[in-house]
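Below is one structure; the comments refer to it alone.
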Amino acid sequence: MLGSIDLDKIPVFLSVAKHLSFSEASYELYTTQSSISKAIAALEFSLGFPLFIRKNRKITLTPAGNFLYKELSKAMQDIDQIILDARKIQEGKNGSFSIGFSGYLAKTPKFVQICSAFSMEYPEFEFELKLFPYQDLKKSLAEDEVDAILFHSSDMSSMPSTRFLLLMSSEPVLICNPYTITEKDTSIKNFTDAKFISVHPTYVPQYQQYLIDCCKSHGFTPTIAKYTNSIFELIQHLSNSDYVTIMDRSIFPIPAEDLRLIPISQEPDSPVVDTILAWSKTNGNPVLARFISSAAKDLVIHG
């Protein structure tokens, strides 16, 4: 039915209905009264019912015409707003974007600082943080579920078409319960015989390998006595046991009063885990571009 209606005649109808006058509508639309009359007649014919009652040189809306006028007026306002919002998005003045993350990555101090500064400078913009399992982050970016992801540079080998900002450099730390060690235990060499805990490779494949590689770079192979299903669960176990683990500071960037973090020197063959904000080179979201531009005032874009 809609395909048989000339939508160009809708503004003519709205003008006549507003003024209840063909002459005033012709004046408003910069056309002749004859053209207005023909347009209304054609619209009524295509609809199959009259829109106006013509009597004694005066016109009034029919019940159907009155209903159509009210509903179309609201619809036109919605259309105008949609077009305005689209124009703002194109100009980078309105809109939103999303960032995928896993674990504690969204608490990386530099990222928190960037988000806070951006929200203060551009309160009209919106952004959403979406939680994913770490192994699904690359997929979420590739399938456009999110505009960008918080990720680790060591896992970017299969992401050649991305650009990124470095948010936090690699900094390995040994994490343990402070009540199970002495003040002298300030070196990884004191933990060669400790019971290590790791996230199971099924859930975070990189975690166990990172732990092992860090220990091997310091001359020993760790004894992994327990596995957990997530980093959250691992942290809980550390707080209530004598297990220890090695984690990059960028993976667990928040202070922990009930845990002790002992810095580990980075040997030449130590694994490197930098926390980055990554996005596709082909992403056309102008609001994300504004966010990146704001963040790049203090950081360097790579890729």
Where the accessible area of the chain is counted over protein heavy atoms with a 1.4 Å probe, how much of it, in %, is carbon and sulfur?
54
By how many degrees, between 0 and 90 and to the nearest 10, does the Cα long axis of helix 286-295 differ from the longest principal axis of the chain?
40
Give me the base-10 log of I(q)/I(0) for the stretch 107-179 at each q in 0.16, 0.20, 0.24, 0.26 Å⁻¹, Debye formula, one uniform scatterer per Cα, rounded to two decimals.
-0.76, -1.06, -1.28, -1.36
Lys297 to Glu128: extension gain in nm, 0.36 nm per residue of separation minus the Cα-Cα distance?
58.7 nm
Whole-Hz couplings from phi, Karplus 6.51/-1.76/1.60, listed for the stretch 233-238; x for Gly and Pro:
5, 4, 4, 4, 5, 4
Using R₀ = 41 Å, calculate the FRET efficiency as 1/(1 + (r/R₀)^6) where r is the Cβ-Cβ separation of Asp269 and Ser96; round to 0.05.
0.45
Quote the FRET efficiency, to the nearest 0.05, computed for Gln135 versus Ala256 with a Förster distance R0 of 35 Å and r equal to the Cβ-Cβ distance.
0.90
Helix 109-121 against the longest principal axis of the chain: what's the angle in degrees, Cα atoms only, rounded to the nearest 10?
20
Quick one: Karplus J couplings for the stretch 208-215, per residue in order, coefficients 6.51, -1.76, 1.60, θ = phi - 60°, nearest Hz, x for Gly and Pro?
4, 5, 4, 4, 4, 5, 4, 5
DSSP-defined beta bridges in the chain - what % are antiparallel, rounded to 5:
65
Taking GluC sites (Glu not before Pro) as exposed when DSSP calls them loop (any state but H, G, I, E, B) and at most 11 other Cβ atoms lie within 10 Å, what is the longest stretch of the chain free of them, the sites themselves excluded?
1-90
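Using a 1.4 angstrom probe, figure out how much accessible area the stretch 75-156 has per residue, in square angstrom, rounded to the nearest whole.
Values: 4550 Å² over 82 residues.
For the stretch 75-156, the per-residue accessible area is 55 Å².
Let me check against my output: what whole-number percent is the relative contact order of the chain, with C-alpha pairs under 8 Å and at least 6 apart?
Numbers: 448 pairs, mean separation 67.3, N = 303.
Taking the mean separation of contacting Cα pairs over the length of the chain, I get 22 percent.
The values are calculated or read from the model by the stated rules, or taken from the named source; none is laboratory data. Computed from a predicted structure; not experimentally measured. Positions of Cβ are backbone-derived with ideal geometry, glycine not excepted, and every protein chain shown enters the neighbour counts. These area figures cover heavy atoms from the full protein model, side chains too; ligands, DNA and RNA do not enter into them. Shrake-Rupley method; radii C 1.70, N 1.55, O 1.52, S 1.80 Å.
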